[in-house]
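Readers should treat all values here as calculations from the given coordinates under stated rules, not as data from a laboratory. These numbers come from a predicted model, not from an experiment. Using ideal geometry, Cβ is built from the backbone for each residue, glycine included, and neighbour counts are taken over all protein chains shown.
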Amino acid sequence: MRYLVMGAGSLGSVFGGLLQERGQEVTFVGTDDHLLAMREKGLTITGIWGEHRLERVKAYYGTEGLSGTFDVILLSVKSYHTAQVISQALPFMEQGSLVVSLQNGLGNWEAIAAAVGWDRTVGARVIFGAAIEAPGTARVTVYADKVLLGSPSGSVEQERMQPVCDAFNEAHIPTLLSDDIETSLWGKVLYNCALNPMGAILNVPYGALREAPEVMEVVHRIIDEIFAVAGAKGVRLGYERPAAYFRTLVDDLLPPTASHRSSMLQDMEKGRRTEIDALNGAIGAYGRQLGIPTPVNDVITAIIKGLQRRQS
C-alpha cells in the first residue's frame, strides 16, 4: 500500500520509517528542519527498538511538488493543526483512502470526519513514545502497550483496517484491531491528562511525579473529574471507579514510562504551542457543556497557557 505521513515528526518518522524498511511505499510531509534533514541524508531511527537506517526517503517540505494518491494517510500532527492538514491531504486521497489518526487528545476524529466522512476515519491508540534526537534522527524512548486501531463510528469495516494492522505488525510495531477504540482513546486521554501537564509544569520525567504525595493527589483529582465528564457523555473508561484507574496508573502504567519526558514538556522547551486544549482543556470544555465542574483540569490548563505566554 501507499502511505502518506502527514506530520513527519518523531512519531510519524518511526511509523513511516519502519513501514518503509519492510517494503511499504511511504512518503513523508513535514515543515521543519527534521524533514529537510530527512530529504538530504535519509532517516535514522534509534532507541529501544534498535537502530534502523534508511538512506533514501521521499520527503516533501509541505505538499508543494507532491503528486499521486495514497491508500492510507497517517496523520501525526498536533491537534490544533488537524483540520488544516487534513484539508491539505484531500487532493492526494482516493475514494477508498483511509485516514489514520495517530494523535493524542480529543476532537481529532471529529475534525477528520468532517472533511472525509466517518467511513474513512480510523482512530489509533498509540502508547509508545518517541523524540527527535537530532534533525534526521528519531529515537523510540518508551513502550507501554500495543497500538490499537479501530473505527470510532463503526462504519469502517475491519477488513479495510486489517491490511494496515498487518503492515504495522510486519514493521515490528505491535498492533491490534479494537472494537471499542473510543474507550481506548479515552484511556490514553486519562493517562496524558494526568501526567503530561504535571511533568511539563514541574519540568520532570513521569517517574519523579510519584515522589511527592501532594502531586499525586492532584493527579488523582484530575482523574476524578475526567471520570465525571466521561460518565456524563456516556463514554466507558474500562474502570468502575477513578480509584481503580489511579492504582493501575501508579502500579502498572507509570513504571515503564518513568524516564519519559512528556511531549508537552518537550514542546515547551522548544517554544512550541502545546496540545493542552485537546487534553485537560477539552475536559474543561466538555464539563462546561455538561454542567460538570472541572476546577483542577481548568487550573492545570490555565497554568500551561500562562507558561506558554511567558515563553512567547
Exercise. Can you tell me the equivalent ellipsoid semi-axes for segment 17-78? Use √(5λ) from the Cα gyration tensor, largest first, whole Å.
Key: 19, 14, 12
Quiz prompt | In segment 16-118, the trypsin sites (Lys or Arg not before Pro) that fall in loop regions by DSSP, at most 11 other Cβ within 10 Å | solution = ARG56
Quiz prompt | Loop-located GluC sites (Glu not before Pro) in segment 185-247 whose Cβ has at most 15 other Cβ within 10 Å (DSSP) | solution = GLU240
Quiz item: On full extension of the chain, what length is gained from GLN289 through ARG273, given 0.36 nm per residue of separation minus the C-alpha to C-alpha distance?
Solution: 3.3 nm
Quiz prompt | Helical mean residue ellipticity (222 nm; -39500 (n - 2.57) per DSSP H run of 4+; nearest 500) of the chain | solution = -13500 deg cm²/dmol
Quiz item: Which value, in debye to the nearest 20, gives the size of the charge dipole of segment 1-57 about its Cα centre, when Lys and Arg are +1 and Asp and Glu are -1 at the Cβ?
Solution: 140 debye
Quiz item: Got the relative contact order for segment 2-178 handy, in percent, Cα pairs under 8 Å and 6 or more residues apart?
Solution: 23 percent
Practice problem: Would you give the gap between the C-alpha center of segment 14-29 and the C-alpha center of segment 126-154, rounded to a whole Å? | Solution: 14 Å
Quiz item: Suppose every K and R has +1 on its Cβ and every D and E has -1 on its Cβ; what is the size of the dipole of the chain about the Cα centre, in Debye to the nearest 20?
Solution: 620 debye
Exercise. Work out how much length LEU176 to ARG53 would gain on full extension: take 0.36 nm times their residue separation and subtract the Cα-Cα distance, in nm to one decimal.
Key: 41.7 nm
Exercise. For segment 58-104 and segment 198-221, compute the distance between their C-alpha centroids and round to whole Å.
Key: 35 Å
Quiz item: When the Debye formula is applied to the Cα atoms of segment 33-139, each taken as the same point scatterer, what base-10 log of I(q)/I(0) results at q = 0.16, 0.20, 0.23 Å⁻¹?
Solution: -0.84, -1.17, -1.28
Quiz item: Which lysines have a Cα less than 20 Å from the Cα of LYS270, not counting those fewer than 8 places away in the same chain?
Solution: LYS78, LYS305
Quiz item: Say each of SER155 and VAL235 gets a label point 7 Å from the Cα, pointing the same way as Cα to Cβ; how far apart are those two points in nm?
Solution: 2.0 nm
Self-check item: Inverse of mean 1/r across different Cα pairs in segment 255-312, Kirkwood, Å
Solution: 12.4 Å
Exercise. Quote the relative contact order of segment 1-56 in percent (integer), defining contacts as alpha-carbon pairs under 8 Å separated by 6+ residues.
Key: 32 percent
Exercise. Pairs of Cα atoms under 8 Å, at least six residues apart: use those to get the relative contact order of segment 159-291, whole percent.
Key: 30 percent
Quiz item: Relative to the longest principal Cα axis of the chain, at what angle does helix 10-21 sit, 0 to 90 degrees, rounded to 10?
Solution: 40 degrees
